[in-house]
1. Calculate how many DSSP beta bridges within the chain are antiparallel, expressed in % of all such bridges and rounded to the nearest 5.
2. Just to confirm my understanding: which cysteines in the chain have no other cysteine beta carbon less than 4.7 Å from their beta carbon?
3. Along the charge dipole of the chain, Cβ charges K/R +1 and D/E -1, which of 55, 87, 176 sits furthest on the positive end?
4. Given springs between every Cα pair under 10 Å in a Gaussian network model of the chain, which of 96, 22, 76 has the largest fluctuation?
5. What number comes out for the charge environment of residue 79, summing +1 per Lys or Arg and -1 per Asp or Glu over other residues with Cβ under 13 Å away?
6. Here are a few candidate values for log10 I(q)/I(0) by the Debye sum over Cα atoms at q = 0.13, 0.15 Å⁻¹: (1) -0.83, -1.03; (2) -0.75, -0.91; (3) -0.67, -0.92. Which one was actually calculated from the structure I just gave you?
7. Using a 10 angstrom cutoff on alpha carbons, build the Gaussian network for the chain and name the most mobile of 189, 55, 90.
8. Just subtract the alpha-carbon distance of residue 121 and residue 143 from 0.36 nm times their residue separation and send over the number in nm, one decimal.
Amino acid sequence: MQRRQFIAAPLVLGLPELALASESVAQRLRATTGAGNGAVLMFRHALAPGTFDPPEFALGNCATQRNLNEQGREQSRQIGAWFATRQLQPKRVRSSPWCRCVDTARLAFGDNRDGSGLAWAALGSPRGSSEATNASSLKQLQAALKAVVQQGAGFEVWVSHNFVFNGWLGASARTGEALLLGLKPDGKPQVLDRFDTLAT
């Protein structure tokens, strides 16, 4: 499936407005405990310098991948601190299997309390995958989002790649930035809010 690149308009806000925007998201997350009110907060992984993975890339070997640098690891910890300060706990964290995404998720939120793994192939980068695989991944994301929203038992955090933001949502995200997702009346994903915990 061909993926087009979309460039989201930058969010131009001063510091007071950014603080208000982040607290607006916090309020929305606290309100995800009723049927039909669930949500997914989807992050782009924290800073991992470069553009693509090296030619010798292997999914199960972090040494062959583009990884978080120290700034990216600190960004991840800052994301976790933002949630901890506000006593916001996702009911589940899911991540692309790529190391930079798993590391972002783990440094920010730790492992899932129920022992379930973080890695989920549907959130993985579509680069190098077949049309059928990419189409299947998008269907899985859509079905999972619908289930989270309809159950309304809290919010999930997903960590993925900008290619997935583009292909599924038609939007881009900066490293460490998140989009809050719900559902439109037609069942398609809806971006409810956009925020960057690192800018607050």
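No value in this document is a laboratory result; all are computed from the given coordinates. Computed from a predicted model, the values in this text were never measured in an experiment. Virtual Cβ from ideal backbone geometry, glycine too; neighbours counted across all protein chains shown.
1. On the way: 11 of 22 bridges.
Antiparallel bridges make up about 50 percent of those DSSP assigns within the chain.
2. Isolated Cys, the chain: 101.
3. 87
4. Greatest mean-square fluctuation among the candidates belongs to 22.
5. Details: positive: 44, 73, 77, 86, 106, 174; negative: 74, 103, 177, 196.
Charge balance near residue 79 sits at +2.
6. Calculated log10 I(q)/I(0) by the Debye sum over Cα atoms at q = 0.13, 0.15 Å⁻¹: the matching label is (3).
7. Judging by the Gaussian network model, the answer is 55.
8. Values: separation 22, 0.36 × 22 = 7.92 nm, distance 1.42 nm.
Full extension of this stretch gives 6.5 nm more.
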